[in-house]
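The block underneath contains the structure these notes are about, expressed in structure tokens.
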Amino acid sequence: MAKILPIRPLPQEPTDPSLDLSARAMDNLRFIRETMERAGSFTAVSGWGQVVIGVAALLASWLGARQRSAEDWLALWMVSAVVCLLIGVLTTAMKARSARMGLLTGPGRKFALSLAPPMVAGAILTIVLYRAGMATGLPGLWLMLYGAGIMTAGAFSVRAVPLMGMCFMAAGTAAAFSPAGWGNAWMAAGFGGLHIIFGFLIARRHGG
């Protein structure tokens, strides 16, 4: 009767434990770095809020082109600015709440503090230019300062935000060197079109 030999596993090549440890260490470092990047970025900018702001700006541009005096035109845009500000704050607060992210702590605080100075400067210079009878220069000024604020604040947010700021600054520069009658068109293209385009981009890639 034939003797049945036991089945023995084939010998395996010895593995270097240092290679396994190195791979695990790299994975851990990658995870830590990505976590720190997310924690240091204000990701609660609402894309859909930007879209709504863009639509409101398009409406304001359409109405602004039909105003007969600089006073009425400026009053219209001031009201529009307040409405858009409220929309932006409300929609951002809603997104921050759903993401359990503070608006005035950590990255949110840095975002707000970086955005505020250009906005304050814009408000002051608006008064100065209007009193000097230079209201036609306001569209370029508003677009450039808003873009500057978005760029600086965007350093603490997703990549689309500073890119949007650059586009606003480019639009403001073009508006500053364009004929005075093009002001409302540049406002529509900037505050309307750019908000809608980047709003859709942010909403699609960064959760609303």
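The values are calculated or read from the model by the stated rules, or taken from the named source; none is laboratory data. Just so it is clear, the model here is predicted, and its values are computed rather than measured. No Cβ is skipped: glycine too gets one built from the backbone with ideal geometry, and neighbour counts run over all protein chains shown.
Before we move on, is GLY88 touching a residue at least 40 places away in the same chain (Cβ under 8 Å), assigned to a helix (DSSP H, G or I) and in contact with a Phe, Trp or Tyr (Cβ under 9 Å, 6 or more places away or on another chain)?
On the way: touching a residue at least 40 places away in the same chain (Cβ under 8 Å): yes; assigned to a helix (DSSP H, G or I): yes; in contact with a Phe, Trp or Tyr (Cβ under 9 Å, 6 or more places away or on another chain): no.
In short, no.
Only one of LEU90, LEU103 is under 20 Å from GLY47 (Cβ atoms), within 17 Å of the chain's Cα centre (by Cα) and modelled with pLDDT under 85. Can you tell me which?
Working: LEU90 fails: modelled with pLDDT under 85.
After applying the criteria, what remains is LEU103.
Would a scan of the range 139-150 turn up a residue that is among the β-branched types (Val, Ile, Thr) and closer than 18 Å to GLY54 by Cα? Walk me through how you get there before you give the answer.
Residues of the range 139-150 among the β-branched types (Val, Ile, Thr): 150.
Subset that is closer than 18 Å to GLY54 by Cα: 150.
Among the residues of the range 139-150, at least one is among the β-branched types (Val, Ile, Thr) and closer than 18 Å to GLY54 by Cα, which makes the answer yes.
With loosely packed, with under 15 Cβ neighbours inside 10 Å, more than 17 Å from ILE196 (Cα to Cα) and at pLDDT below 95 as the only criterion, which of ALA153, ALA148, ALA132 stands out? Steps first, answer last, please.
Working: ALA153 fails: loosely packed, with under 15 Cβ neighbours inside 10 Å; ALA148 fails: loosely packed, with under 15 Cβ neighbours inside 10 Å.
Just a single option satisfies the conditions, and that option is ALA132.
PRO118 - would you say it is assigned to a helix (DSSP H, G or I), in contact with a Gly (Cβ under 6 Å, 6 or more places away or on another chain), in contact (Cβ under 8 Å) with a residue 40 or more places away in the chain and crowded, with 16+ Cβ neighbours inside 10 Å? Give the derivation first.
On the way: assigned to a helix (DSSP H, G or I): yes; in contact with a Gly (Cβ under 6 Å, 6 or more places away or on another chain): yes; in contact (Cβ under 8 Å) with a residue 40 or more places away in the chain: no; crowded, with 16+ Cβ neighbours inside 10 Å: yes.
No: the conditions fail for PRO118.
Given (1) buried (at least 16 other Cβ atoms within 10 Å of the Cβ); (2) at pLDDT below 90; (3) not charged (D, E, K, R), where does ALA180 come up short, assuming only one miss?
(1)
Does ILE197 satisfy the condition of being β-branched (Val, Ile, Thr) and under 13 Å from the mean Cα position of the chain (by Cα)? Step through it out loud before you land on a result.
Values: β-branched (Val, Ile, Thr): yes; under 13 Å from the mean Cα position of the chain (by Cα): yes.
Considered against the rule, which asks whether it is β-branched (Val, Ile, Thr) and under 13 Å from the mean Cα position of the chain (by Cα), ILE197 comes out as yes.
Every residue in the range 45-68 that is buried (at least 19 other Cβ atoms within 10 Å of the Cβ) and over 17 Å from the mean Cα position of the chain (by Cα), please.
Within the range 45-68, ALA60, SER61, GLY64 qualify.
Go through the range 30-66 and give me each residue that's closer than 16 Å to ARG97 by Cα and modelled with pLDDT of 55 or more.
SER41, PHE42, THR43, ALA44, VAL45, SER46, GLY47, TRP48, GLY49
Yes or no: SER18 modelled with pLDDT of 90 or more and assigned to a helix (DSSP H, G or I)?
Details: modelled with pLDDT of 90 or more: no; assigned to a helix (DSSP H, G or I): yes.
So SER18 fails the test.
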